[in-house]
Structures are given as structure tokens and as C-alpha cells.
1. With a Förster radius of 56 Å, plug the Cβ-Cβ distance of GLN79 and THR308 into 1/(1 + (r/R0)^6) and report the FRET value to the nearest 0.05.
2. Just check segment 163-230 against the gyration tensor rule for me: Cα atoms, a ≥ b ≥ c as the square roots of the eigenvalues, rounded for a/c under 1.5, and otherwise prolate or oblate depending on whether a/b exceeds b/c.
3. Based on the mean of other beta carbon atoms within 10 Å per residue, what is the order of 161-172, 311-322, most packed first?
4. If the reach is capped at under 18 angstrom between alpha carbons, list the lysines near LYS3, excluding any in the same chain fewer than eight residues apart.
5. For THR290 and LEU49, compute 0.36 nm times the residue count separating them, minus their Cα-Cα distance, and round to one decimal in nm.
6. Please give the peptides 53-66, 274-287, 141-154 ranked by average Cβ packing (other Cβ atoms within 10 Å per residue), highest first, as a rough proxy for protection.
7. How far, in nm, would the chain grow between VAL130 and GLU154 when pulled straight, counting 0.36 nm per residue and subtracting the alpha carbon separation?
8. With a probe of 1.4 Å, find how much accessible area segment 238-330 has per residue, and write the answer as a whole number in Å².
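The values are calculated or read from the model by the stated rules, or taken from the named source; none is laboratory data. Note that the coordinates shown come from a computational prediction; the quantities given were computed from them, not determined experimentally. Quick reminder, even Gly has a Cβ in these numbers, built from the backbone with ideal geometry, and neighbours come from all protein chains shown. Ligands, DNA and RNA are excluded from the accessible area calculation, which covers all protein heavy atoms including side chains. Shrake-Rupley method; radii C 1.70, N 1.55, O 1.52, S 1.80 Å.
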Amino acid sequence: MRKVVVVTGASSGVGLALCKRLLEEDDELHLCLACRNVGKAEAVRAALLAAHPAAEVSVVQVDVSNLQSVIRAAGELKQRFQRLDYVYLNAGIMPNPQLNIKALFSGLFSRKVIHMFSTAEGLLTQEDKVTADGFQEVFETNVFGHFILVQELEALLCHSDSPSRLIWTSSRNARKSNFHLEDIQHSRGQEPYSSSKYAIDLLSVALNRNFNPRGLYSSVVCPGTMVTRMTCGILPPCVWTVLLPIIWLLRFFANAFTLTPYNGTEALVWLFHQKPESLNPLTKYLSATTGFGSNYVTTQKMDLDEDTAEKFYQNLLELEKRIRDTIQKTNNQS
């Protein structure tokens, strides 16, 4: 039986590179592209099938910043499949990233310059907004929409005979200092991307604690520092032209500069081949690239505690319950 792999955000960037690499590893997969833009997804599907005619590739439309879209997509997946083997929770946004010029120049003349460029710590702020569902957009897109998707697909993911996998695209930029249980949506801060990635780390740990006995395992990955559609908007093209040679040199001192989505998928592909029971739930798996361009995987212990992870998970469950109660009342009134 073919393994079924779902990838959110599969039409560009890391998601697209991941799909190509997974089919290079196993062209008998059933790969499901879970994308917001169906037209782009269908074009990707055609290209993947042309390169790997033995594969099965399908498309499901989902916008993880819209809960009705998430629930509808989950319903389609439950109609199509009896189980899911891998779900790569990769879709994400960093809206209107702004460079903190003061932090950049102060960091350039400090001993933390390589760390600063590797993690973007303190460099980027974003202008978040509120979605039609009433949530902060970064929180709903990067975290809560995916959480609801997992909840909806529980029956396809929890099997005692063989484990299923959740693999989240997190970041080295996931900072404990940018996340607060009192403000899980980061509505009062200026670094919602970092906060959302830390929330993903917490959620992954809590999911392992609650679902490992039922055969569902979760892991988090950082693809490294890349030039993608998400990052290109941070600086004008002329500045990127100047910086790229410097970044190439920095790769000899720091392994986080993967630079391309293909390189960035190294840890995601590596996890595809691992037995989940052998993995540490408190470890983040990092794509890395040497100065000479060789890819490999390294690890990092996550800066969190399991009690906070469980509290965050319970907060998400309470938020989900309120949403479902609201939907039920609306349906009853109509």
C-alpha cells in the first residue's frame, strides 16, 4: 500500500522543494498537495507527475488562516484516505517583515554577528493583522489552523499498528522571550513570527505527550536561513545582491545558512526515514550546510519545559471548544 504524505504550503519555497525531494526518495508515494491556491498546486502536480509518472499526486484546497477552509479540507481528506502516514505542517507567513536597522548595525560590530544572521534574533519585526475568524493572522496561519487540521484528522493519524508522523516547520528564530501564555497570539508584541514558531515547538512536545501512546509522533524542524519569497521582501534586491557574497562567506563559520529551499529540506527528508520511536521529543532537527555546500542534519535541544507545553495545549483545546460552541449556536439559529 502506498504511503500517504500531506504537505501544506506545497506550491512554493520549502514545501515545493520537499515534494520534489520526497518523490526522489520514493516515487511510489501518494503525495497530497494542501495549498491555498489551487491553480498553482495543479501546475506543481503536473510537473511532479511528469518527472515521476509512477507516483500519485493529488491536490486539496486549504487556507490555514481560515478555519472553515481547514475543516472543509479535513473532510475531503477523510473521504479520500483511510490513514495518513506523514503530515508536513509547513505553510506559514511572516507578514510585512521590517528590518531593525539599529539592531543590525549594533550587531555587526559585536561578537554576536554570526548568531544574529543565523537566527535573525532581534532583527525582524512584523505588522500582524486580524483574520476574518478574529485571530491574529500569524498565530492562526502558522499554529492554530494547523492545530485544528490535526484535530480534525485524528482518526486518520492515530493507529496502533504503525505510527503516523507530524513534522512541523519551525525555526531557529523561535524565542522563549517572544512567547507568553497570557498572550498566545502575540497580539501585544512585534515579533509574531518568532512567537508562533516557539508555539509550534510547545505544541509538538504536548502532542507527543498526549498522542504517542496512540501511535502519533510529532517532530519540529528548522530549514535554516534561505532566500525565498518570504525573505526576499525584507530587503531591496540590490541589498540582497551585496549581502549574498557575505552570507556565502559566513557559511564557513555557521552552518545555518542553507540559502536554498532544496538545502533547507535536508532535515525534513531525513526525518522521513527515521523511526519516530527513536527520536527525542524535546529535540529540534536543523538543516545545515557546510561552507563548501554539503548538506547535513544537526540537532538542538528546545528551550522549553513540558508543563508550559501542556498548558499551551490546554489553552488551544479551550479555544477550539469555544469555536465549536459558537459554530453550533450559529447552526442552531439558522
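1. Efficiency for this residue pair is about 0.90.
2. Because a/c hits 1.5 or more and a/b fails to exceed b/c, segment 163-230 counts as oblate.
3. Details: 161-172: 20.8, 311-322: 14.5.
Packing order, densest peptide first, comes out as 161-172, 311-322.
4. Excluding near neighbours in sequence, the set is LYS20, LYS78, LYS275.
5. So the extension gain works out to 83.6 nm.
6. 141-154, 53-66, 274-287
7. Additional length available on full extension: 5.9 nm.
8. Result: 55 Å² of accessible area for each residue.
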